[in-house]
Each structure stands twice: as C-alpha cells, then as structure tokens.
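**Q** Pasting in a structure now, in structure tokens, and then I'll have a few things to ask.
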Amino acid sequence: MNAVTHSSTESQIQQPAAGIAQGATRPFYWSLWRELWENRSIYIAPLIVAGVQVFGFAISTTGLADRRRDVLLLGDLLKQRHQIEQPYDIAAMMMLFIVFIVGVFYCLEALHSERRDRSILFWKSLPVSDLTTVLSKVTIPLVVMPMVAFAIIVCVQVIMLLMTSVNLIVHGMSPASTWTLIPFFQNWFVLLYGLIAIALWQAPIYGWLLLVSGCVRRATFLWAVLPLIAIQIFEKITFGTSYFGSFLRYRLLGFAPGAFDFQSRADPTIDSLAQLTPGRYLTTPGLWLGLLVAAAFLAAAVRMRRYRGPI
C-alpha cells in the first residue's frame, strides 16, 4: 500500500510538471508554424531553384557518356572524382546561396510586415510573449531553412544520380563509376555539418536584420546595408584602411578555416571525414563572440517589438 501510494503521489507531481512544460512550449510551436504558413517562400523559392537545377542538368546530359569516357581515361582517381562530382557540388553551393538570400529577406520582413499591415495588434492580444515571437522568427533562418536546404540538396543530387545512371546505361556504359568515385553519404554528412557551422557563425547577421526589421518604418534593406557601407567608406577615406570590410567578409565566410581542415586554400575540398574539425570550430573566439552579439541583437529586437506599435 505504501508503494502504491508513493507511486501515485509521484505521478500526480509529474503530471502538472509535464503540463507546465507542454504549456510553455506550445506557444513557441504554434508561432513557428505561423511563420511557415505566412512565409511560403521559405520552401517554395528553394523548390523552384531545385526544379531549375534538375531541368538544367537534364539538358546537360547530352553528350554525358562521351564526357564520362574522357574522364575515366584520366589516370588520377582524385581528378576523376572532382570532374564527376563537380555538377553535384555546384547544385549544393547554388542552393546554399539561395537559402541565405531567402533568409536575409525573411528576417528583414519578419517584424516589419506585421507592423506595416497592423496585424501586430492582433498577435499581441494573444497570450504569446514578445520573446517567444522573436525566437520563433530567428529559428527559421537558423534551424528550419538549413533543414530545408539539406533535404532539397539530397533530393536533387539523388535525381541527378538517377538521370546520370539512366543516360549511361542507355549508351552502353556502367553507372558504377558514379557510385564508386563519389562518396554520397559522406558528402551528405559533411553538408549537414557545414550547414550547422554556417548557421551558428552567421547568427549575428540574422540578429542584426531582425533588429532592423523591428526598428525602422520603411526601406528595411537600405537601413540594414547602408550603415555598413557608410562605415567602410568613412574608414577608407579617413584612415585608408579596410578593416571593417575584412571583418564583414570574416563574418560571412570565416567559419570555414575553423570548421574544416582544407589541404590548401587554392583547392578547398573535403576528401575525408578527418578534415572535419568541430573541436577547433567550437573553440574559435569569433564563434562565441558572434553568438553573444546575436543574443544582444535579439534582446534589442524583443524590446523593440514590445514598445513599437504599427506603422
């Protein structure tokens, strides 16, 4: 009886705790779904680009068998791999660029659009805090869009692989050269790792864009870009240096030297999982300073949403 009473008491304590946790995460969950419902460009734009990539690759398969024969005549296996792998890498890089552009414009409109159409009055009447709203918005470029990019890139590369295999079989060649020379599963793991590294590194950029979106009344893109250009011009005219421009390039692409061990800067390729250096990346000062700056930008964006009304 004591054991039964003790277990029932524990279950009674655990049930309210679970209910509190569920009640705390439910507003964030539905806020995140709201962003996906209202901003379909998050996945529609990458899907359109993926369709263009597949269509363009289908056209390029003309003469693929002859090009593959020439590649297989190369004596170096590494050169063969790079030649065969190049279309797949180009498709992945193009998708990463498109996802970054979509993320930039999404952040610029995330807080500004609800003030412009005055829907902020309705959303503020709901029991959802400003912190929850801003966190749901920054989750889109930091978590959702990398996941979308990864899924679409894998699907596009699988379709390209199938198209290549069919074309080679039709021309009397074995498609095994594609499978044996390109480690697809390794490349996809590297891609996922790279997407996580990029998202963490570029978090201050998205935080800055969300802050601008919650502050200004119009022309969010100009307000986000012009101060950065003005600082570079002022530095160049006054001191004759370009440290700020180098800092911006570092914030955009500086993740790579810490996250990967490239063989050479002239040929930044990943041929082995041993070239992934997460330990070195996580101890990079620029990463943690950037995350602190991103947290400061998001805190300011929360405050702006709390006190800024509709336009």
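The values are calculated or read from the model by the stated rules, or taken from the named source; none is laboratory data. This is a predicted model, so every value here is computed, not measured. Glycine gets a Cβ as well: all are built from the backbone with ideal geometry, and neighbour counts include every protein chain shown. Protein only, heavy atoms only, side chains kept; ligands, DNA and RNA dropped before computing areas. Shrake-Rupley method; radii C 1.70, N 1.55, O 1.52, S 1.80 Å.
**Q** Within the stretch 265-290, track down each residue that is open to solvent by less than 50 Å² (accessible area, probe 1.4 Å) and assigned to a helix (DSSP H, G or I).
**A** Residues satisfying the conditions are 275, 279, 281, 286, 287, 290.
**Q** Take the conditions assigned to a loop (DSSP other than H, G, I, E, B), open to solvent by less than 70 Å² (accessible area, probe 1.4 Å) and either modelled with pLDDT under 95 or under 30 Å from residue 179 (Cβ atoms) (or both) and apply them to residue 128. Does it pass?
**A** Taking the combined requirement at face value, the residue satisfies it.
**Q** Yes or no: the stretch 292-300 includes at least one residue that is within 14 Å of residue 201 (Cα to Cα) and open to solvent by 60 Å² or more (accessible area, probe 1.4 Å).
**A** yes
**Q** If you don't mind, there's one more thing I want to ask. Check 105, 122 and return the single one that is modelled with pLDDT under 95, closer than 24 Å to residue 217 by Cα and not hydroxyl-bearing (Ser, Thr, Tyr).
**A** 122
**Q** Residues of the stretch 106-125 being in a helix (DSSP H, G or I), in contact (Cβ under 8 Å) with a residue 60 or more places away in the chain and open to solvent by 50 Å² or more (accessible area, probe 1.4 Å), which ones?
**A** Result: 109, 116, 121.
**Q** In addition: Could you tell me how many of the residues in the stretch 160-218 are within 19 Å of residue 145 (Cα to Cα) and not in a helix (DSSP H, G or I)?
**A** 1
**Q** Turning to a different aspect of this structure: If you go through the stretch 296-311 one residue at a time, how many are of a type in the set (A, V, I, L, M, F, W, C), over 12 Å from residue 208 (Cβ atoms) and part of a helix (DSSP H, G or I)? Can you show your working first?
**A** First, the residues of the stretch 296-311 that are of a type in the set (A, V, I, L, M, F, W, C): 296-302, 304, 311.
Going one step further and asking which of them are over 12 Å from residue 208 (Cβ atoms), we end up with 299, 302, 304, 311.
Then drop every residue that is not part of a helix (DSSP H, G or I), which leaves 299, 302, 304.
Total meeting the criteria: 3.
**Q** Also, I was wondering about something else. With the requirement that a residue be open to solvent by 10 Å² or more (accessible area, probe 1.4 Å), of a type in the set (A, V, I, L, M) and within 18 Å of residue 204 (Cβ to Cβ), what does the stretch 139-151 give you?
**A** Result: 142, 143.
**Q** Can you work out which of the residues in the stretch 205-261 that are of a type in the set (S, T, N, Q) and closer than 24 Å to residue 96 by Cβ is most open to solvent (accessible area, probe 1.4 Å)?
**A** Result: 246.
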